[in-house]
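J.: Okay, handing you the structure first.
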Amino acid sequence: MSRSGKHASAGAAPGMPGAGPQPGERPVVSYVLRSFPKLSETFVVRELLALHEAGVPLEIWSLMDDEEAAPGEVPAAAPLLPLVRRPPQGPLGPVRMAPSVCAVALRRPGAAFRAARFALRWAMAERDPRHLAAFAYAAYLARRVRAPHVHAHFANLPATVAVLTAMLSAPGRSTSYTGHARDLWVGQSAAFLAAKTRACAFAVSHSRYTLGVIEQALAEYGAGAAPTALYVVTNGVDRPAELPPPEGRERGLVVATARMVEKKGLDTLVAAVGELVAAGRTDVRLELIGDGPLRPAIEAQVGELGLGAHVVLRGSQPAPEVRATLRRASVFALPARAARDGDTDGLPVALLEAMAKAVPVVATPIAGLPEAVVDGETGLLVPPDDPAALAAALARLLDDDALRERLGIAGAGLVAERFDPARSAATLAEHFRAQR
């Protein structure tokens, strides 16, 4: 049963309480994440915070602490930290969970056998021992999770743990996951994705495109299986109380917020700025916010093109500084591409955050981006890996004040209509409560 055409707004539950959960109330849902909180996953923090503020009782399981943000790095997560629980950490964590494995095997031998067979089969098929280690995490969680429903963020390892947790639990506990981008198409096969999806009560993703990847996996590998409900639930994006005034923008300032990895296409953006400077546009400046493995290559490219006065690599920045930079920006650019390993962006939250602040955007028609960036209406689209086309689009926006304002306002309106955090949280809460 596919509901991929519906968005979060269609299922919003009106009148959700806003006073927060009552102390001691049993959670409605237990979230499973690899690490929480993470600097790069503020959209997860936003979702959980919206659920918490709407009065939905929840608990959060952070499987590994190796990628967790340091205290204070994600201030928005502070109200959620008392809800975070952790299994044993470190390389010996799975070993320390052995008593839980034994206890589950003794109490529910049939379920333990089926879950172990599932984990072993896919660990071997995927050549990834982590999915066998997921059995130990699931055994630990099955005895300690308090909610009747388990929801994983990301369709890879967290979803494996969530599915196995439901298998090892007493009858009646259900599971689901949110699939994003890389977790859907890199690092696991479509067959494994389909197998996990079939074990879920439902699955969600943040765009029609990414949900289509799940649908395709089920179409190829789900023949004869009971249908799993699929939903689009968009990532919520915080919006400013009022849009920044156009006169506050710095003329010529182009901003990109992205990890420095191949799929973001930042080398194309630097090359496009190089073309603008070579054409005599001495006023253009590019600020790149973010870090990653390709930073040395991008620094070298800036040097080779002689763009030291026009391109600034600012590294990772806290959320308030990112917001302040977007208020100054004339244009936001994200020339995403499909990476050589098959990785692509789904629908980047950084792009939506820029649109929410009425920054006109230039992007590429990759994956779910056209669902937010409608060419000529809410932004401009150019082909990937085409510096000349990107330079022309940037010049067009930088030269046309009216076009920048029109596209910026239209983009902010689309985000307000389709990417509201409270509305998305209400839809998720409705799905979670329906499993009880």
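The values are calculated or read from the model by the stated rules, or taken from the named source; none is laboratory data. All of these numbers come straight from a predicted model, not from anything done at the bench. Ideal geometry is used to build each Cβ from the backbone, glycine not excepted, and the neighbour counts take in all protein chains shown. Side chains are part of the model used for accessible areas, which takes the heavy atoms of the whole protein and leaves out ligands, DNA and RNA. Shrake-Rupley method; radii C 1.70, N 1.55, O 1.52, S 1.80 Å.
J.: Return yes when Val311 is open to solvent by less than 40 Å² (accessible area, probe 1.4 Å) and closer than 30 Å to Arg208 by Cβ and no when it is not.
T.: no
J.: Quick check on region 357-371: of everything there that is more than 23 Å from Pro387 (Cβ to Cβ) and of a type in the set (Gly, Ala, Ser), which residue is surrounded by the fewest Cβ atoms within 10 Å (Cβ to Cβ)?
T.: Filtering first and then ranking leaves Gly368.
J.: Return the only residue of Asp399, Asp385, Asp420 being of a type in the set (D, E, K, R) and on the phi > 0 side of the Ramachandran plot.
T.: Being of a type in the set (D, E, K, R) and on the phi > 0 side of the Ramachandran plot holds for just one of Asp399, Asp385, Asp420, which is Asp385.
J.: Among the residues of region 391-427, write down those that are in contact with a Leu (Cβ under 8 Å, 6 or more places away or on another chain), among the hydrophobic types (A, V, I, L, M, F, W, C) and open to solvent by 40 Å² or more (accessible area, probe 1.4 Å).
T.: Ile409
J.: Every residue in region 64-80 that is closer than 13 Å to Leu33 by Cβ and either among the acidic types (Asp, Glu) or free of Cβ contacts under 8 Å to residues at least 12 places away in the same chain (or both), please.
T.: Of everything in region 64-80, those that are closer than 13 Å to Leu33 by Cβ and either among the acidic types (Asp, Glu) or free of Cβ contacts under 8 Å to residues at least 12 places away in the same chain (or both) turn out to be Asp65, Asp66, Glu67, Glu68.
J.: Can you tell me how many residues in region 234-263 are under 24 Å from Arg337 (Cα atoms), in a loop (DSSP other than H, G, I, E, B) and of a type in the set (A, V, I, L, M, F, W, C)?
T.: 4
J.: Thr257: under 30 Å from Ala155 (Cβ atoms) and not aliphatic (A, V, I, L, M), yes or no? Walk me through how you get there before you give the answer.
T.: Numbers: under 30 Å from Ala155 (Cβ atoms): yes; not aliphatic (A, V, I, L, M): yes.
Considered against the rule, which asks whether it is under 30 Å from Ala155 (Cβ atoms) and not aliphatic (A, V, I, L, M), Thr257 comes out as yes.
Residue-by-condition table, conditions (1) closer than 30 Å to Ala425 by Cβ; (2) of a type in the set (Lys, Arg); (3) modelled with pLDDT of 95 or more:
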{"site": "Ala70", "(1), (2), (3)": "yes, no, no"}
{"site": "Glu73", "(1), (2), (3)": "yes, no, no"}
{"site": "Leu92", "(1), (2), (3)": "no, no, no"}
{"site": "Met97", "(1), (2), (3)": "no, no, no"}
{"site": "Asp128", "(1), (2), (3)": "no, no, no"}
{"site": "Tyr137", "(1), (2), (3)": "yes, no, yes"}
{"site": "His153", "(1), (2), (3)": "yes, no, yes"}
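J.: Also: Taking the conditions exactly as written (more than 22 Å from Ser174 (Cβ to Cβ) and small (Gly, Ala, Ser)), does Ser62 satisfy them or not?
T.: No: the conditions fail for Ser62.
J.: Can you tell me which residues in region 157-208 are of a type in the set (Gly, Ala, Ser), open to solvent by 10 Å² or more (accessible area, probe 1.4 Å), more than 20 Å from Ala219 (Cα to Cα) and not in a strand (DSSP E or B)?
T.: Ala166, Ala170, Gly172
J.: Could you grab me the full set of residues in region 120-135 that are open to solvent by 10 Å² or more (accessible area, probe 1.4 Å), among the aliphatic types (A, V, I, L, M) and touching a residue at least 24 places away in the same chain (Cβ under 8 Å)?
T.: Ala125, Ala133
J.: Oh, and also: With Leu80, Leu141 as the choices, which residue is within 23 Å of the chain's Cα centre (by Cα) and buried (at least 17 other Cβ atoms within 10 Å of the Cβ)? Outline the logic, then answer.
T.: Working: Leu141 fails: within 23 Å of the chain's Cα centre (by Cα).
None of the others qualify; the one that does is Leu80.
J.: Moving to a separate point now. In this structure, is Thr325 buried (at least 23 other Cβ atoms within 10 Å of the Cβ), more than 17 Å from Gly292 (Cα to Cα) and of a type in the set (S, T, N, Q)?
T.: Answer is no for this residue.
J.: So which residues in region 83-110 are farther than 18 Å from Lys38 by Cβ, open to solvent by less than 70 Å² (accessible area, probe 1.4 Å) and aliphatic (A, V, I, L, M)?
T.: Met97, Ala98, Val101, Ala103, Val104, Ala105
J.: Please pick out the residue among Thr197, Thr228, Thr234 that is polar (S, T, N, Q), touching a residue at least 12 places away in the same chain (Cβ under 8 Å) and over 19 Å from Ala166 (Cβ atoms). Please lay out each step first, then the result.
T.: Numbers: Thr197 fails: over 19 Å from Ala166 (Cβ atoms); Thr228 fails: over 19 Å from Ala166 (Cβ atoms).
Of the residues listed, the single one that is polar (S, T, N, Q), touching a residue at least 12 places away in the same chain (Cβ under 8 Å) and over 19 Å from Ala166 (Cβ atoms) is Thr234.
J.: Then there's this: Tally up the residues in region 249-275 that are under 17 Å from Val361 (Cα atoms) and either open to solvent by less than 60 Å² (accessible area, probe 1.4 Å) or at pLDDT 95 or above (or both), please.
T.: 16
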